[in-house]
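Take a look at the structure set out below.
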Amino acid sequence: METREKIVSTALKLFLQKGFYHVSLAMIAAEVGISKPAIYHHFQNKEALVEGVLDFFTYRMTAWNRDYLADLSSGRDYINKIFQAIPIYKNVEKILLEEDTEEYPYTYNNLLQILSKYKPEFRERIARDARNFREVLTRNIIASQAEGTIKSDIDPSSLAILIHTVLEGSAFITELDGSLDVDILAADLLNITWKLIEKK
């Protein structure tokens, strides 16, 4: 792993372990095993490092989605697959840090909430990633309508927002409420969604 990527992944791990406001560049440098001035070779300040973390998320999730959603034959298949990914989205840290065992006091969603209030530019960057996801989802909804599987009188953009809300919200509430089985919930939500939108 190159030094820049090591710095970014270590920063993310420390943000999840200790909370964003409790992590300094000196702590990150010590964890990586480099001097604090060495970080400045890659990142001008903590805000620039946060941009690196957000880039890291986009890069990792784009690659993961490309593999996860490969070889789909229809828009319907795409929608089914993203609902089936709810348990994965709930623990997205495992994809980002490529580990299966570590549990953190903070989640990536916690971090995004903090960053969106910390700086307007971060909020816009996070919103842009969400819009990009919905654009892909909208294209697949349109494809499903062309296939005759989704009702044609449903606005694709509005349905994309609804599905995105269900995906994000279900991952969030199952994170909060341990009595909910995320796999069962994901299957139930998929069935309910199709009952509402499927063209008979």
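The values are calculated or read from the model by the stated rules, or taken from the named source; none is laboratory data. This one's a predicted model, so the numbers in the text were calculated from it and none came from an experiment. So basically every Cβ, Gly included, is an ideal-geometry build from the backbone, and we count neighbours across all protein chains shown. Quick note on the areas: whole protein, heavy atoms, side chains included, nothing else; ligands and nucleic acids left out. Shrake-Rupley method; radii C 1.70, N 1.55, O 1.52, S 1.80 Å.
Some points to look at:
- Over region 55-200 - Rg/Rh using Cα atoms and the Kirkwood inverse-distance radius: 0.97
- Simple spin-label estimate for residue 194 and residue 165 gives 2.3 nm between the two label positions (7 Å along the Cα-to-Cβ direction from each Cα).
- Surface composition of the chain: carbon and sulfur atoms hold 52% of the protein heavy-atom accessible area at a 1.4 Å probe.
- Think of the chain as having a plus end and a minus end, set by charges on the Cβ of Lys, Arg, Asp and Glu; of 126, 170, 189, 126 sits farthest toward the positive end of this dipole.
- Solvent-accessible area per residue, Å², over the chain with all protein chains present [probe radius 1.4 Å]: 55 Å²
- Taken about its Cα centre, the chain carries a charge dipole of about 560 debye when Lys and Arg each add +1 at the Cβ and Asp and Glu each add -1 at the Cβ.
- The chain: relative contact order in percent, alpha carbon pairs under 8 Å with at least 6 residues between: 23 percent
- Residue 84-residue 127 FRET efficiency (beta carbon distance; Förster radius 30 Å; 0.05 resolution): 0.75
- Charge tally in the Cβ shell below 13 Å around residue 128, where Lys, Arg are +1 and Asp, Glu are -1, residue 128 excluded: -2
- A Förster radius of 35 Å, combined with the Cβ-Cβ distance separating residue 63 from residue 177, puts the computed FRET efficiency at roughly 0.70.
- For the residue pairs 90/151; 119/151; 46/94; 90/195; 119/199; 94/200, alpha carbon separations beyond 32 Å are given by 119/151; 119/199; 94/200.
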